[in-house]
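Student: Attaching a single structure in structure tokens format; questions to follow.
The values are calculated or read from the model by the stated rules, or taken from the named source; none is laboratory data. Being a predicted model, the structure only gives us computed values, none of them experimental. Each accessible area value is taken on the protein alone, full model and side chains, heavy atoms only, with ligands, DNA and RNA left out. Shrake-Rupley method; radii C 1.70, N 1.55, O 1.52, S 1.80 Å.
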Amino acid sequence: TIKVVGSMAFHNCTKLSKVTLPSNLTEIGYNAFEGTTALTTITIPKTVTTAGNNVFNGSALKTATIENGATAVADNLFSNAKNLTKATIPNTVKKIGSMSFYHCEKLSSVTLPKNLNEIGYKAFDSTKALKSITIPKTVTENGNYVFLNSGLKTAIIENGATSVPNNL
């Protein structure tokens, strides 16, 4: 069974419009779906824990769903997916990895999981279309510059939070 989609595996497959990833996939290599200009939606299996840089760079990806049961969004998973507008993250996710949504300039819809504990370095850096976010009271750790260069106009910190982490 396939556990890894290798780096550049579907690089510039401009006609690729549908991908079903195996349920036991653990890793997606760098630039694996770069340039897939017909691919607009993807579901990431709950078993994916590692992703290379720019997996969906230059793709047409607009919506992404992390499968229910996932505990983390892998570092870099959607970095530079510039057409991504909506990401669905299940409440089972406890950590959003570093640069997970870095430079997703059109990302306007994302709800942070209610049991989220950690948001990684630059996770939402340069998400220009993201105008509001609610940070769950359970977030106690974060990397620096999580929302650097984002379009945020409103940030709500849930009632019951005991602190706001540094450099959020």
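Student: I'd like to check one number: the per residue accessible area of region 39-168, probe 1.4 Å, reported in Å² as a whole number.
Tutor: Averaged over the residues of region 39-168, the accessible area is 44 Å².
Student: Run down the lysines and flag those whose C-alpha is under 16 Å from the C-alpha of LYS153, throwing out any fewer than 8 positions away in its chain.
Tutor: Leaving aside lysines fewer than 8 places away in the same chain, those within reach of LYS153 are LYS106, LYS128, LYS131.
Student: Mind checking which lysines have their Cα closer than 25 Å to the Cα of LYS3? Skip sequence neighbours fewer than 8 apart in that chain.
Tutor: Straight-distance partners of LYS3: LYS15, LYS18, LYS46, LYS62, LYS94, LYS95.
Student: Let me ask something additional. Whole Å is fine, so just give me how far the alpha carbon centre of region 118-155 lies from that of region 1-67.
Tutor: Here the answer is 24 Å between Cα centres.
Student: Over the heavy atoms of LEU148, what accessible area does a 1.4 Å probe trace out, to the nearest 10 Å²?
Tutor: Accessible area, nearest 10 Å²: 70 Å².
Student: From largest accessible area down, sort TYR102, TYR30; use a 1.4 Å probe on the protein chains.
Tutor: TYR30, TYR102
Student: What part of the accessible area of the chain, given as a whole %, is carbon or sulfur when the probe is 1.4 angstrom?
Tutor: Looking at the chain in its full context, I get 48 percent from C and S.
Student: Sticking with this one: Indicate the gyration tensor shape class of region 1-139 (rounded, prolate or oblate), computed on the Cα atoms with a ≥ b ≥ c the square roots of the eigenvalues: a/c under 1.5 is rounded; otherwise a/b larger than b/c is prolate and the rest oblate.
Tutor: oblate
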